[in-house]
Amino acid sequence: MPSSARPGCRIPLPTASGAASVGLYLLLVCLVLALALNGAEAMGYNWQWYRVPEYLFAFTDDGFQWGEIALGLGATLKLSLQSFVLALGLGAVVALLRMSNLVVGNAIALAFLEIVRNLPLLILLYLFYYVLGPIFALDRYAAAVLCLGVYHAALVSEILRAGVGSVDGGQLEAARSVGMSSAQAYRHIVLPQAMKFLLPPMTGEAAHLIKSSAIVSVIAVVEMTTVGRNIIADTYMSFEIWFTIAAVYLLVILVLSLAAARMEQRYATAGRRK
Amino acid sequence: MADCDPVIELRNVDKFYGDFQALANVSMRLAPSERVVICGPSGSGKSTLVRCVNRLEEHSAGRIFVGGEELGAGKTNIRWVRMKVGMVFQQFNLFPHLSVLENLTIGPIRVRKLAKSRAIELAREYLARVDILDQAEKYPAQLSGGQQQRVAIARALCMEPSVMLFDEPTSALDPEMINEVLAVMADLAQSGMAMICVTHEMGFARRVADRMIFMDGGEIIESAPAERFFSHPQSERCRRFLDQVLER
C-alpha cells in the first residue's frame, strides 16, 4: 500500500511465526547463560549453592528458624511500611498545599517537589544521615525512614493530585450545590471516587519504595541488602547471595505488581460507567 | 407579583473570564412562585447567569441577592444560599459511588443535619414525587438518562429549597427521555416552586413560563411575559432566534 511508505514511519521488520521467535529468544538466553557460566568457570568461581538455604531458613535443635536473609526481608518490609506511611501523610499535606489557593503554601509545596525530585536518592540519604542526622540527633534508622518517606512523599503527592484531578469537576459542583463545605465535598464525594484512580499507582509506588529501600544499606541500616553484604563479607559467595537476594526482591515486587495490575484492570472497566 | 420581595435579584451584574465578558450589565428579579425561562444561542451567558446565582461562578461586578442576602459576604452565607437554591445540571452530576437513596440523603444528613431516618423519609417522599421510588437502591449507572435527571431533581428538592435552577436539564438526554423530565419540571412549577430554567424546549417554555428572557452576547436582550414574548417578540435578534428554534 502506498500510504504505509511515509518517511519516518516504522521500518517493516521481518515477521517470524510465534514458535520461531520463541525459539530464537531461548537460543539467545542459552547463549548468554553459557557465556556467563563459562566466564565464572574461567575465573575459577567456586559455586556453593548448597550453603544458601541456611540463610533463608534452617531446622536446628530448637526447631524451625528463619535465616538471615528472611529476617532481612522482614526488616526491609518494616522499614518500607514505616516509610510508606510517612510518605502518604507528608504526600497528602504537599498535595493539599499544591491544590490550595494559599500563595505561600503553594510555593513551599513546589519548592519541596522540585528539590526532592531533582536530587539523586543517594545524595538525599547522605544529607539526612551526615548533615541532618548530627544536627537533629537522628540515628541511622530514623534517617533512613525520613529520607525514604520524604523522597516518596514527592511522588505520592503527585499521584494524589492526579487522582483527585481525574474526578469529574461536576462532582465537586454538585456537592457544593447541595451546600457541602469543601472539606465535606472532598471527604464524601471526591476522595471516594478518586480511590479507584489512586490504588493502582499507589501500589506501584509501594513497589518502588521497597526497591529504593535497598539504598539505605550504604549507611548500614539493617535490611535485606545489608544482610547480603554482611553474608558475602563472611563467605565470599557473592554470586549465590546476590542472585538469591535479587530473586527475593523480584518475588515481592512481582506479587505487588500483579496486585496492582489486577486492580487496574478491575477499575478500568468499572471506572467507565458514568 | 412584581411587588413582593424577590427570591432572587440581580443588579447590573458583570462577569468576566479574563478579557471575555460573559455577562454584561444583567439585571433581573424573580418573584416567589415565578417561573422564568431563559433562552438564547449557545455562549450567550445563560448558564453563567444561573451559575452565578448559587455562586458556582463569582460575578465580577454588580450585586446579586438571594432571599434578601447579598452574595459575596462571607462563606457561611454562601452555604446558606446554596441550601436555599436547588440546582439541576445538564450532565446530572449524580454521585456515582452512592446509591440513589444515598444521593438524596447525603445533603440533608451532612448539611441540614437531619436525622438519618428523617432524611430517608424525605428522600422517599421526593423519589415518589419524581416517580422513581422503585429505583431507590440502584446506583446511578444502572438508570437511564431520564431517570438520572429525575433523581438529580429529587436530590435538589431534598434540600427543600425556595427556588430551583435548571441549567439545560434536557440537553444531554436522548429525545425519548426528554418528556419524562419536562413532566416532572412542569409538575414542580404547578406546585408553586419558583424556578429559573435555561432550556431550548420552547414547547415546555410556552406551557410553564410566566416570563421569558432572551439573552445574547452576555446581555438580556428581551424580558417579557411568555404570551407576549412568543406572539410579539420586540427585537430583531430575538425574532430571528425564535424563528430558528420554533421552525415556523
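I need the shape label for chain A. Rule: rounded when a/c is under 1.5, else prolate if a/b > b/c, else oblate, with a, b, c from the alpha carbon gyration tensor. The shape class here is oblate. Once backbone amide H atoms are built at 1.01 Å from N, B:Met195 has B:Glu34, B:Arg35, B:Val36, B:Met164 as its partners under 5 Å, excluding neighbours fewer than 5 places away on the same chain. Remark: spin-label model distance B:Arg63-A:Ile135 equals 5.5 nm, labels positioned 7 Å along the Cα→Cβ axis.
Neighbours of B:Leu173, meaning other residues whose beta-carbon lies under 11 angstrom from its beta-carbon, give a summed charge of -4 when Lys and Arg score +1 and Asp and Glu score -1. Cα convex hull, region A:155-252: 105 Å³ per residue, rounded to a whole number. One way to sum up the overall shape of the protein assembly as shown is the equivalent ellipsoid from its Cα gyration tensor, whose semi-axes run 63, 28, 23 Å, largest first. Counting only Cβ charges, +1 for Lys and Arg and -1 for Asp and Glu, the dipole size of region B:128-192 around its Cα centre is about 160 debye.
Take the accessible area of chain B alone and of chain A alone, subtract that of the pair, and you get about 1900 Å² summed over both chains, using a 1.4 Å probe. Checking the Cα-Cα distances for A:Lys78/A:Lys196; B:Lys113/B:Lys138; B:Lys15/B:Lys84; B:Lys46/B:Lys113; B:Lys84/B:Lys116 against a 28 Å cut-off, the pairs over it are B:Lys46/B:Lys113.
Between B:Glu125 and A:Met263, the C-beta separation translates, for a Förster distance of 41 Å, into a calculated FRET efficiency of about 0.55. Overall dimensions of region B:34-131, expressed as equivalent-ellipsoid semi-axes from the Cα gyration tensor (√(5λ), whole Å, largest first), are 28, 18, 12. The alpha carbon centroids of region B:151-218 and region B:124-145 are separated by 18 Å. With the cut-off at under 17 Å, measuring from each backbone N in region B:209-230 to a point 7 Å along the Cα-to-Cβ line of B:Asp243 picks out B:230. Shielding value for B:105-111 is 5, the average number of Cβ atoms from other chains within 10 Å of each residue's Cβ.
Compared with the dominant Cα axis of chain A, that is its longest principal axis, helix A:140-165 is turned about 50°. In the elastic network of chain A, a GNM with C-alpha springs shorter than 10 Å, the most mobile of A:Val167, A:Val145, A:Val32 is A:Val32.
So, R0 is 56 Å and r is the distance between the beta-carbons of B:Asp174 and A:Leu254; what FRET efficiency does that work out to, to 0.05? Efficiency, rounded to the nearest 0.05: 0.75. Each part reduced to its alpha carbon centroid, region A:29-83 and region B:85-120 end up 58 Å apart. Residues whose amide H falls under 5 Å from that of B:Ala22, counting only those 5 or more places apart or on a different chain, are B:Lys15, B:Phe16, B:Tyr17, with hydrogens built in the peptide plane. Rounded to the nearest 20, the size of the Cβ-charge dipole of region A:187-274 about its Cα centre is 860 debye, with Lys and Arg at +1 and Asp and Glu at -1.
How much accessible area per residue does region B:86-183 have, counting only protein heavy atoms and a probe of 1.4 Å, in square angstrom? Could the numbers behind the result be given before it?
Values: 3720 Å² over 98 residues.
Here the per-residue accessible area is 38 Å².
The modelled label-to-label distance for the pair B:Glu219/B:Gln190, using points 7 Å beyond Cα in the direction of Cβ, is 4.0 nm.
Each Lys and Arg Cβ is given +1 and each Asp and Glu Cβ -1; about its Cα centre, the protein assembly as shown then shows a dipole of about 480 debye. Taking θ as phi - 60° and the Karplus parameters 6.51, -1.76 and 1.60, the scalar couplings of region B:23-38 work out to 10, 10, 6, 8, 10, 7, 10, 10, 7, x, 6, 7, 10, 10, 10, 9 Hz in sequence order, x denoting glycine and proline.
Note on chain B: with a GNM built from Cα contacts shorter than 10 Å, the maximum mean-square fluctuation among B:Leu182, B:Leu157, B:Leu143 falls on B:Leu143. Averaged over the residues of peptide A:178-188, the number of Cβ atoms from other protein chains lying within 10 Å of each residue's Cβ is 6. Between A:Arg229 and B:Gln142, what's the calculated FRET efficiency when r is the beta-carbon distance and R0 is 45 Å? Round to 0.05. The computed FRET efficiency comes out at 0.20. In terms of packing, defined here as the mean over residues of other Cβ atoms within 10 angstrom, the peptides A:214-226, B:115-127 line up highest first as A:214-226, B:115-127. Each eigenvalue of the Cα gyration tensor of region B:198-240, multiplied by 5 and square-rooted, gives one semi-axis; in descending order these are 16, 12, 9 Å.
The values are calculated or read from the model by the stated rules, or taken from the named source; none is laboratory data. Keep in mind it's a predicted model, so treat the numbers as computed, not measured. Every residue, glycine among them, receives a Cβ derived from its backbone with ideal geometry; neighbour counts consider all protein chains shown. Accessible surface is based on the protein model in full, side chains and every heavy atom, while ligands, DNA and RNA are left aside. Shrake-Rupley method; radii C 1.70, N 1.55, O 1.52, S 1.80 Å.
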